Amino acid sequence: MLACAGLLLTAGCAGVAGPTCGTGAGAGNCTRILFLGNSYTYVNDLPSTFARLAQSGGHPVYVDSIANGGETLAQHAVSADDLSKIASQHWSYVVLQEQSDTPATDAGRASMYSAARTLAARVESAAAMPIFFMTWAHKDGEPSAGQNYETMQQQVDGAYLTISRELGVPVAPVGYTWYMVRRDHPDIDMWQSDGSHPTQAGTYLAACVFYAAFFRQSPAKLGFHGGVSDEQARLLQDEAGSRVLDMKSEWGLD
């Protein structure tokens, strides 16, 4: 693993800080977010992309991350580094992201739910709010489980919503929004050639969804476009704002 504290995420890195809030007057208004995930979090540096988007909307934020390739919530739940990081400061939110295909099977969901309960309890004991990162399905689904893209996304959505409702923990509906963008704007390619990891557009969409979920505001018309064309950025901003804010109760955000 790479030890990359203080650097932008370019590979599997733990404890990487993005843009920070000031320490003087107004620092108390800072939204502090810890991302616990894997390559879906660190590819294209989602935490920093979100932080720059938030700053363009006038929200001071501090982001940090523990994310290594293929990491599961079960691994995060028993990691001394994770537990220490959760307790290290007063986070506003701790994002919990499961490995991509784990929520799509019965066996995977059993492991996911057990770890999610453990992590959510630890986060809440640190006076922070856990929030689940609903991920996107693989472009071609999960053929070994007999799932195409649509059926895999349904399984992933259902898994996150089930544990979200059980625990009373909100969810950032990235995967659901991704599905709707794919349906309405098929010209926007959000998967890399491996059919799993996000393109810059996919990461930007995820950042927009988190913006709407954290601040209960649409990212529409924000100036930071994260390397995505202006036209695509406007579409992704609008989609994220409407899919999150028009269904806040579905995502536990009301």
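Values in this text are rule-based calculations from the coordinates and carry no lab data. In this text the structure is predicted, and so the values were computed from the model without any measurement. Glycine also receives a Cβ, built like all others from the backbone with ideal geometry; neighbour counts cover every protein chain displayed.
Of the beta bridges in the chain, as assigned by DSSP with both residues counted there, near 20 percent are antiparallel. Net charge of the neighbourhood of ALA115, taken over other residues with C-beta under 14 Å away and scored Lys/Arg +1, Asp/Glu -1, is -1. Note on the chain: helix-only mean residue ellipticity at 222 nm, from DSSP H runs of 4+ residues weighted -39500 (n - 2.57) and normalised by residue number, equals -13500 deg cm²/dmol. Overall, the anisotropy analysis places the chain in the rounded class: the square-rooted eigenvalues a ≥ b ≥ c of its C-alpha gyration tensor yield a/c less than 1.5. Between the amide H of PHE35 and those of ASP64, SER65, ILE66, VAL95, distances stay under 5 Å, these residues lying 5 or more places away or on another chain, with hydrogens modeled in the peptide plane.
For the pair the range 69-90 / the range 40-54, the C-alpha centres are spaced 19 Å from each other. In straight-distance terms, cross-link reach from LYS221 covers every one of the lysines whose alpha-carbon lies under 29 Å from its own, apart from those fewer than eight places away in the same chain; here that gives LYS139, LYS248. Note on ASP254 and LEU83: their simple-model spin labels are 3.8 nm apart, each label 7 Å out from Cα toward Cβ. Taken one residue at a time, the phi angles of the range 217-233 give Karplus couplings (6.51, -1.76, 1.60, θ = phi - 60°) of 9, 6, x, 4, 6, 5, x, 7, 10, x, x, 9, 4, 4, 5, 5, 4 Hz. Gly and Pro are set to x. Peptides 242-253, 165-176 ordered by packing proxy, namely the average of other Cβ atoms within 10 Å per residue, highest first: 165-176, 242-253.
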